[in-house]
Amino acid sequence: MAITKILIANRGEIACRVIRTAKKMGIATVAVYSDADSRAPHVLMADEAVHIGPPPAAQSYLLADKIIEACKATGADAVHPGYGFLSERESFRKALDAEGIIFVGPPANAIAAMGDKIESKKLAKEAGVNVVPGYVGVIDDTEHAVKISNEIGYPVMMKASAGGGGKGMRLAYSEADVREGFEATKREGLNSFGDDRVFIEKFIESPRHIEIQVLGDQHGNVVYLGERECSIQRRHQKVVEEAPSPFVSPEMRKKMGEQAVALSKAVGYFSAGTVELIVSGTDKTGEGFYFLEMNTRLQVEHPVTEEITGLDLVEQMIRVANGEKLAFTQDDVTLTGWAIENRVYAEDPYRGFLPSTGRLIRYNPPEAGTDEDGTKVRVDDGVAEGGEVSMFYDPMIAKLVTYGATREEAIDKQIAALDSFEIEGLGHNIDFVSAIMQHERFRKGELTTGFIAEEYPEGFHGAPASPELLARLAAIGAFAGMAMADRARRTDGQLGKRLKPPTDWMVQIDKVDHAVTICGDEVTVDGKPVEMSLEYTPGDRIIDAEFGGEPLSVRIAPVPSGFKLTARGASHVARVLPGHIAQFTQHMIEKIPPDLSKYLICPMPGLLVSLNVGEGDKVEAGQPLAVIEAMKMENILRAEKTGVVKAVNAKAGESLAVDSIILELE
């Protein structure tokens, strides 16, 4: 029986993604939603929607019974789980099977086999898949762990068997590290996942994270669809993905793919799945890749594979769930061009990547579509302007995907698209991912999972700007200043009806003065001619300019005495003054900002979980003072300096706004 109505047991961008494909196939759709998502885009896109509970996922999206009830109420004969939530729950698959509801995903036995890291490694080894040298049995105690580590050779990684998301992992460079960290790893596994089993494996140096996309049907056919490079990660969470990998040769791809297919067949896998591999960046033999885990679901980064193969993976999953055979073989799979995906997160890279929640006052992604040169922009999102990014769910706002004939084209398209991506109302990482795209090491393809930690050890402070870019921004600032002055002349008569705006301007950016002259079509910056074309009307939020034929999109916002100009991964405040006025700025008194170090300020909207001090308590610099919870993560706030608590302005259990004063020191 063919699927006629699919319920999407998920939310956000992946729910929207599945709905789009289902509609294209003529299949009706049902959305589910919590109180927090009652007006979310996926709810509006679906043909029907069912309310399933309050905002916390444990009381809504994670309740299999609620999903099954919604299927029965709407007559949905299939469920697509997306990723996260219930997508890799063997029990959920079995519960749907018992009700005669089709699960758009793999069989229960495959989910179970690959869900246990220890058992999956055993199966991988039996299937002839390269596995990292290590011990995959049950480890008795610390002494046993030390013995195993000494035999493998340092460094080693201790991992909780049921771990994920960077939890329950410890790197050991010596026996002392093992003795110190083994029991802690066990506790983390027990506390986070209810399983204290730990395995130990060789730590791969200069590691790259590369994964193989597989697709199988219920008739025993399995193919691989090339690889994705996912090495750019922060705290073990992927940030940038691309396909293919700049490191993988055709011969290596074939070896990886064939091993991934062998593993899939060994567990009777069908539907879309991903075999994740850790790859030694120093290995030149093409054999230095090792099985990490298999994700028995659709991956967040699946769009880059779709772009280079021309396949719709969601459509393929639905067809497989319908019992159809794959319409193509391995020989039919071709990889064309290059695709890159950046995850746009609600987090503030300028403040240590603190999660950011709140309302999207402005949300205007770059225009999707294919240009005449064959380059393409794709935006997968599940938010809308005026909507809210809440503390209850993943902080991803959107996935920005670009495609080009070459890796360089795809990267350059990303940079341009990020420049025109407007988000206001909360912190976001657009500048950060743009900086990565421009980084020389990234452009060379010299990637490891330690890229971000190695290249931004002191945190992120904006992408460095070249003198050429600053000169161009100065020209744009002066042009905007002249346009504002001209509007004042025409609307307010401030300059007199016949007096035109000045042609000479002084633009200060990053404490450097630039003399700009605009006379008709002729523009000079610091005495050098600049070939510039643009249109700007006061009030515009983006300026699309060209310099010598090179496009540059700049987000512009007025600030006192100038503009905030954002482009190429950084914001620059441009102080814009007519030349005859600028000479007097040296006589202005500089305003010194107030000292805020005596205040403990809430860095993000969140719940004050605990307050560790009270009035009159003495504190030392670096001492933990409070814990704020936001987006399922706890953040410890520490004292910036030594002092005594003068006043406490908040209580544990309160929900605080960003910049709320928690306490004051004297």
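The values are calculated or read from the model by the stated rules, or taken from the named source; none is laboratory data. Worth saying up front: this structure is predicted, and the values here are computed from it rather than measured. Cβ atoms come from the backbone with ideal geometry, glycine included; neighbour counts cover every protein chain shown.
Of note:
- Filter pass, Ile361 being of a type in the set (A, V, I, L, M) and either in the same structural domain as Pro55 (by TED's automatic domain parsing) or buried (at least 21 other Cβ atoms within 10 Å of the Cβ) (or both): no
- Consider the stretch 249-302 and keep the residues that are of a type in the set (Lys, Arg) and under 30 Å from Asn10 (Cβ atoms). The one that is nearest to the chain's Cα centre (by Cα) is Arg297.
- Filtered by the rule that a residue be at pLDDT below 95 and either buried (at least 18 other Cβ atoms within 10 Å of the Cβ) or closer than 15 Å to Ala9 by Cβ (or both), the stretch 56-74 gives Ala57, Ala58.
Residues are listed down the side, and each one gets a yes or a no for (1) under 28 Å from Ala262 (Cβ atoms); (2) in the same structural domain as Pro81 (by TED's automatic domain parsing); (3) of a type in the set (A, V, I, L, M, F, W, C); (4) modelled with pLDDT of 85 or more:
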| position | (1), (2), (3), (4) |
| --- | --- |
| Asn109 | yes, no, no, yes |
| Lys117 | yes, no, no, no |
| Lys121 | yes, no, no, yes |
| Thr142 | no, no, no, yes |
| Glu175 | no, no, no, yes |
| Glu180 | no, no, no, yes |
| Ala184 | no, no, yes, yes |
| Gly189 | no, no, no, no |
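- Filter pass, Leu473 being modelled with pLDDT of 90 or more, crowded, with 21+ Cβ neighbours inside 10 Å and assigned to a strand (DSSP E or B): no
- Selection within the stretch 3-15 - over 16 Å from Ala36 (Cβ atoms) and surrounded by fewer than 23 Cβ atoms within 10 Å (Cβ to Cβ): Ile3, Thr4, Lys5
- The condition of being touching a residue at least 60 places away in the same chain (Cβ under 8 Å) and not basic (Lys, Arg) holds for only one of Glu227, Glu241, Glu258, Glu251, that being Glu241.
- None of Asp348, Asp331 is in contact with a Leu (Cβ under 9 Å, 6 or more places away or on another chain), among the acidic types (Asp, Glu) and not assigned by TED's automatic domain parsing to the domain that holds Val43 except Asp348.
- Any hit, the stretch 254-267, residues being in a strand (DSSP E or B), in contact with a helix residue (DSSP H, G or I) (Cβ under 7 Å, 6 or more places away or on another chain) and not hydroxyl-bearing (Ser, Thr, Tyr): no
- Qualifying residue in the stretch 588-610 (condition: within 30 Å of Gly527 (Cβ to Cβ) and exposed (fewer than 15 other Cβ atoms within 10 Å of the Cβ)): yes
- For the stretch 3-38, taking the residues that are of a type in the set (Lys, Arg) and not in a strand (DSSP E or B), the one that is farthest from Gly53 (Cα to Cα) is identified as Lys24.
- Ile397 being surrounded by fewer than 20 Cβ atoms within 10 Å (Cβ to Cβ) and not assigned by TED's automatic domain parsing to the domain that holds Asp659: no
- The one condition in (1) outside the structural domain of Ile509 (by TED's automatic domain parsing); (2) of a type in the set (Gly, Ala, Ser); (3) touching a residue at least 60 places away in the same chain (Cβ under 8 Å) that Gly614 fails to fulfil: (3)
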